[in-house]
Structure formats: C-alpha cells, structure tokens
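In what follows, a single structure is set out as structure tokens and then discussed.
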Amino acid sequence: MKWPTVPNELMAPADNLKPLPKNKKTLSDLIGNANENFGTYYELKEKYSAWQQWYIKQKEIFEIVK
C-alpha cells in the first residue's frame, strides 16, 4: 500500500500579505490594512502548520506500520 500524495496547494506556504494601496494615506487606512493582514496571516499560518504537522506524522506512522 502506498501513502497518498498531497496536492501542492496544501503544502505551500501562506500567501503574501496585502500591501497598503498607494492612494490610502490615513492612519486609519494603515491600521485597517495591518489588522486585516495580521488576522489573515496568523489564521493561514496556523491552518497550514497544523495540517502539515498532522500529515507528516501520519505518514511516519504509516511507514512504520507498513
């Protein structure tokens, strides 16, 4: 039996954060952009990291039992 492969999208790192558009110059624009990026980044980072750790551990167990 062979361990299934994973789609590359699930093993890729999270996307880059969104830069502040050049036409946005107020402090509230900067804070809003920072808050959005902060939330997006940490949500994706945790999701990807947890999934990748789970997958790698399951593969190790599979290889030992096999």
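The values are calculated or read from the model by the stated rules, or taken from the named source; none is laboratory data. Only a predicted model underlies this, so the values are computations on that prediction, with no experimental measurement involved. Cβ sites come from the backbone with ideal geometry, for glycine too, and all protein chains shown count toward neighbours. Side chains included, ligands, DNA and RNA excluded: accessible areas come from the protein's heavy atoms. Shrake-Rupley method; radii C 1.70, N 1.55, O 1.52, S 1.80 Å.
Annotations
- The numbered conditions (1) surrounded by fewer than 10 Cβ atoms within 10 Å (Cβ to Cβ); (2) touching a residue at least 24 places away in the same chain (Cβ under 8 Å); (3) assigned to a loop (DSSP other than H, G, I, E, B) are all true for residue 6 except (1).
- In the range 24-66, the qualifying residues are those that are under 22 Å from residue 10 (Cβ atoms) and of a type in the set (Ser, Thr, Tyr), and the one that is nearest to the chain's Cα centre (by Cα) is 48.
- Residue 58 satisfies every condition listed in (1) open to solvent by 80 Å² or more (accessible area, probe 1.4 Å); (2) of a type outside the set (A, V, I, L, M, F, W, C); (3) not in a loop (DSSP other than H, G, I, E, B) except (1).
- Candidate set from the range 13-41 (those that are assigned to a loop (DSSP other than H, G, I, E, B), farther than 30 Å from residue 51 by Cβ and charged (D, E, K, R)); member that is least open to solvent (accessible area, probe 1.4 Å): 24
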